[in-house]
1. Can we say ILE196 is among the aliphatic types (A, V, I, L, M), out of contact with any Ser or Thr (no Cβ under 6 Å at 6 or more places or on another chain), modelled with pLDDT of 85 or more and open to solvent by 40 Å² or more (accessible area, probe 1.4 Å)?
2. Within region 69-96, can you find the residues that are without any contact (Cβ under 8 Å) to a residue 12 or more places away in the chain and not in a loop (DSSP other than H, G, I, E, B)?
3. For region 113-130, which residues satisfy the criterion of being within 19 Å of THR81 (Cα to Cα) and not aliphatic (A, V, I, L, M)?
4. Could you list all residues from region 20-68 that are free of Cβ contacts under 8 Å to residues at least 12 places away in the same chain and within 24 Å of TYR134 (Cβ to Cβ)?
5. When you check GLU175 against the structure, is it among the acidic types (Asp, Glu), open to solvent by less than 50 Å² (accessible area, probe 1.4 Å) and over 30 Å from PRO40 (Cα atoms), yes or no?
6. Please work out if ILE97 is open to solvent by 70 Å² or more (accessible area, probe 1.4 Å) and β-branched (Val, Ile, Thr).
7. Exactly one condition in (1) more than 23 Å from PRO92 (Cβ to Cβ); (2) under 23 Å from the mean Cα position of the chain (by Cα) is not met by SER69; state its number.
8. Being open to solvent by 40 Å² or more (accessible area, probe 1.4 Å) and on the phi < 0 side of the Ramachandran plot is the filter here, so list the residues in region 67-80 that pass it.
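The values are calculated or read from the model by the stated rules, or taken from the named source; none is laboratory data. Everything numeric here is computed off the predicted structure, so don't read it as measured data. All Cβ positions, glycine included, derive from the backbone under ideal geometry; neighbour counts span all protein chains shown. With ligands, DNA and RNA removed, areas are computed over all heavy atoms of the protein, side chains included. Shrake-Rupley method; radii C 1.70, N 1.55, O 1.52, S 1.80 Å.
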Amino acid sequence: LSPSARWRVEAAADQRFESGAVVTVTGFHEWISDVIDRAPVFGGQFDAPANIGDGRRYGGRLEASTPLSFLGAPNARIDLTAALEDSKVTDPVTDEIRRLGDNQRYSISAQYRHSFPDQKLNLNIRLDRAADVYVYRLNQIEIEPALTEIYAFVETTRLKGFVIRVGADYIFDEEDDRRFINFAGDRGTGIIDNIIDRRKRQGAFLNFQIRTNF
């Protein structure tokens with residue numbers, strides 16, 4: 001494999017407000033050489049990571065952050081990040097233009113932070129959402145589904161010299177409904193042999209941490 005190389009053009013603008021809120025908008029375009037994706041190897045018998053030619057990736061990103069003092073919460077803040085992107089590369093099996101294999105069309109992350117100085121407590125809640133991801137194999141397309149994930153934790157420094165955190169991950173307890181589209185022969189035939197749906201539950205779990213310096 002040769003490492004991918006890329007040229008990137010990016011433009012950004014930000015606006016700051018007297019309230020302390022900040023909004024940043026960024027647009028970008030990348031030209032990628034030696035894209036690494038899955039391609040046929042050993043005479044087309046198998047597929048493996050390989051260089052499949054040149055590609056492009058382009059999109060935009062919005063970042064916003066605002067304190068919540070106007071709601072009567074002087075020590076609280078919300079951060080938001082949203083991204084949209086698309087890409088193009090020539091599929092080594094079908095010779096058609098498609099998205100890069102690791103391309104997520106969109107992603108959203110929102111985080112709420114609130115500190116309580118008198119109680120020496122910090123509260124943090126984060127929500128993440130991202131689009132489906134497509135993996136292009138020799139005779140199969142695997143669709144990794146979009147999941148909405150919520151993480152939360154409470155952290156305290158009341159015990160001198162220690163940081164204690166109690167949190168929960170994957171609070172939504174979503175099902176990972178992954179889909180496998182299998183073709184008769186390689187994907188270039190365009191003939192679907194069967195479709196398999198695999199359901200896997202991502203259970204919520206609790207975590208507990210203690211940190212200190214010696």
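1. Numbers: among the aliphatic types (A, V, I, L, M): yes; out of contact with any Ser or Thr (no Cβ under 6 Å at 6 or more places or on another chain): yes; modelled with pLDDT of 85 or more: yes; open to solvent by 40 Å² or more (accessible area, probe 1.4 Å): yes.
So ILE196 passes the test.
2. First, the residues of region 69-96 that are without any contact (Cβ under 8 Å) to a residue 12 or more places away in the chain: 71-72, 74, 96.
Hits for region 69-96 are LEU71, PRO74.
3. ARG113, HIS114, ASN124, ARG126, ASP128, ARG129
4. Result: VAL41, PHE42, GLN45, ALA48.
5. On the way: among the acidic types (Asp, Glu): yes; open to solvent by less than 50 Å² (accessible area, probe 1.4 Å): no; over 30 Å from PRO40 (Cα atoms): yes.
Taking the combined requirement at face value, the residue does not satisfy it.
6. Working: open to solvent by 70 Å² or more (accessible area, probe 1.4 Å): yes; β-branched (Val, Ile, Thr): yes.
When the stated conditions are applied, ILE97 passes them.
7. Checking SER69 against (1) more than 23 Å from PRO92 (Cβ to Cβ); (2) under 23 Å from the mean Cα position of the chain (by Cα), the one that fails is (2).
8. Of everything in region 67-80, those that are open to solvent by 40 Å² or more (accessible area, probe 1.4 Å) and on the phi < 0 side of the Ramachandran plot turn out to be SER69, PHE70, LEU71, PRO74, ASN75, ARG77, ILE78, LEU80.
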